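Down below is the structure, laid out as structure tokens.
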Amino acid sequence: MSPPTALSLDLSQTTLNSATNLDFLTRDRLREIQWKKLDIIVHHAYENSPWYREQMQLKKLVPDDIKSFDDIHKLPFVTKQVLRDTYPFGLFSVPMTSVVRMHASSGTTGKPIVVAHTREDLAVWTQSVVRALKSYGVHQNDVLQNAYGYGLFTGGLGLHDGGQALGVTVVPISGGNTERQVMLMRDFGVTVVSCTPSYFLHILDKAEQMGVDLRELPLRIGVFGAEPWSDEMRKRIETKAGIKAYDIYGLTEICGPGVGAECPHQNGTHIFEDHFYPEIIDPETLEPLPDGQEGELVFTTLDRFAMPMIRYRTRDLTALMTEPCPCGRTIRRMRRIAARTDDMFIIRGVNVFPGQIEAALLAVEGTAPHYQIILTREFGGLDNIEVQLEVQAADIGDTVRDVEVFQRSVTHEIQRITGIHAKVTLVSPGTIPRSEGKAKRVIDKRVI
Ligand code: ADP
Ligand code: ZN
């Protein structure tokens, strides 16, 4: 794809061609578009949302004090707690007659939060999903099996609308009924599948049990997101299914999947910056961090009117990448999200993220990608961590010595990456509960 020559884009353009062109604007033109939109959205929020107005007044700010992106740091943050405190409609900034859809987060970490969309807001979201799909090389001849859950969760409808807008044939199967997933994948000649990476592992297992080899099907692309997944996991999936596995990132508060997406280089997730303005802050001091440094990702929705999110703290940890991408897209990339601040657990004083454990496990030959982490606390207060891992005798050998050697190398790898000593328990295939959506990796049984 070559960069567009005509850069006289109108802000309201939503045709498919302009959608792709937006990935290739000059940085100056992009900045100009972003600034126009920021100015409008800050005024909109101030004038139509009592919450934003009050927060800005507390900081003695009026919208005209925000004169450039350098001033964005003056604006207050929005946190998940704010969304809970204003539940259900406290941040809605248009009359209900203009709201055409509501979604709610899956509530992984507490009470659900509600978000609203106008028709135009949905168009922005759909356009972003179209851009994501195009960057993976999806086109109108593709058949997309959308196995993200439909409903309040944004995955299903997000991919559905984007796929349909691009002209792909969408199979709206939603999550679950895994045997049928495999059957339709085979019978419908599905070429693209979208779901959480952990659910795809489940589909892979089921296909194997049914004697279906996904590598022999026309399936060629996987659109995976909604939860962290390591590069080791990607390699396993790509080899076993014979597909390219791409990252899609998003969150309900900002819209849903399609805030960012990988390109064919699979090296960082491009952010659709003309809609979602990213910042990285230090989660402790809340000060902005320079590009390249890891911190908490913060987003401002530049053109969402029903419920603008200005400086929303995602709690996702990443860094903005500085080098231009060889694909030619000028929109910036972030490192793939490996962790969120609230996933972290502390064990014997050491901070550990589930993704580190996953990377350790999958670095060892013979491991299956199904695992669970169980945290317990002894009577005296000492914390223990047990990692349950599925294995097949065929992969690791079945003598006592084989098993011991394997177990030792997994324990060693976990220690090498995290610095902690974990008890590793090998379990038979199918023991770890399978998820149809986001996997639950950590069971914390500690009574704090
Ligand atoms: P909840 O916060 O209840 O899980 P969402 O369904 O909106 O609600 O999930 C959004 C979160 O899912 C993101 O903030 C991020 O932590 C995670 N997530 C989404 N996409 C990805 C991805 N591609 N890689 C890693 N994590 C992701
Ligand atoms: Zn790229």
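Straightening the chain between residue 374 and residue 427 buys 17.7 nm, computed as 0.36 nm per residue apart minus the Cα-Cα spacing. Hydrodynamic radius of segment 150-207 by the Kirkwood approach over all distinct alpha-carbon pairs: 12.0 Å. Gain on full extension, evaluated as 0.36 nm per residue between residue 36 and residue 265 minus their Cα-Cα distance, stands at 79.3 nm. At an R0 of 45 angstrom, the distance between the Cβ atoms of residue 139 and residue 384 translates into a FRET efficiency of 0.30.
Net charge dipole, the chain: roughly 420 debye, given to the nearest 20, about the Cα centre with Cβ charges of +1 for Lys and Arg and -1 for Asp and Glu. Of the residues 286, 400, 97, the one whose Cα sits farthest toward the positive end of the charge dipole of the chain, with +1 on the Cβ of Lys and Arg and -1 on the Cβ of Asp and Glu, is 97. Using +1 at the C-beta of Lys and Arg and -1 at the C-beta of Asp and Glu, which of 388, 376, 330 has the Cα lying farthest in the positive direction of the dipole of segment 308-399? In segment 308-399, that residue is 330. All Cα-Cα distances of the chain, cut into 10 Å bins from zero to the largest, leave 4, 20, 30, 26, 15, 5, 1, 0 percent in each bin in turn. Helical content alone sets the calculated 222 nm signal of the chain at -9500 deg cm²/dmol, taking -39,500 (n - 2.57) per DSSP H segment of four or more residues and averaging over every residue. The angle between the Cα long axis of helix 154-166 and the longest principal axis of the Cα atoms of the chain comes to about 70 degrees, rounded to the nearest 10. How far is helix 119-136 tilted, in degrees, relative to the longest principal axis of the Cα atoms in the chain, given as a value from 0 to 90 rounded to the nearest 10? The angle comes out near 50 degrees.
For trypsin sites (Lys or Arg not before Pro), the sites in segment 282-358 that DSSP calls loop and that have at most 13 other Cβ atoms within 10 Å are 348. In this structure, the pairs whose alpha-carbon distance is over 25 Å, taken from 80/134; 67/111; 206/445; 37/74; 74/111; 60/80, are 80/134; 67/111; 206/445; 74/111. Over segment 220-327, the fraction of Cα-Cα pairs per 10 Å bin, rounded to whole percents and listed from the shortest bin up, is 14, 42, 33, 11, 1. Look at 180, 434 and count the other Cβ atoms within 10 Å of each Cβ; fewest to most, that gives 180, 434.
Take the Cβ-Cβ distance between residue 394 and residue 59 as r, set R0 to 56 Å, and report the resulting FRET efficiency rounded to the nearest 0.05.
Details: r = 63 Å, r/R0 = 1.12.
E between residue 394 and residue 59, to the nearest 0.05, is 0.35.
Find how much the distance from residue 351 to residue 434 grows on full extension, using 0.36 nm per residue of separation minus their present alpha carbon separation; answer in nm with one decimal.
27.3 nm
The C-alpha atoms of the chain define a longest principal axis, and helix 178-187 lies at about 80 degrees to it. Report the calculated FRET efficiency for residue 208 and residue 335 (r = Cβ-Cβ distance, R0 = 41 Å), to the nearest 0.05. Once rounded, the FRET efficiency stands at 0.80.
We did not get these values from a lab; they are worked out from the coordinates using the rules stated. Values in this document were obtained by computation on a predicted structure and should not be read as measured data. Neighbour counts run over all protein chains shown; Cβ positions are idealised from the backbone, glycine included.
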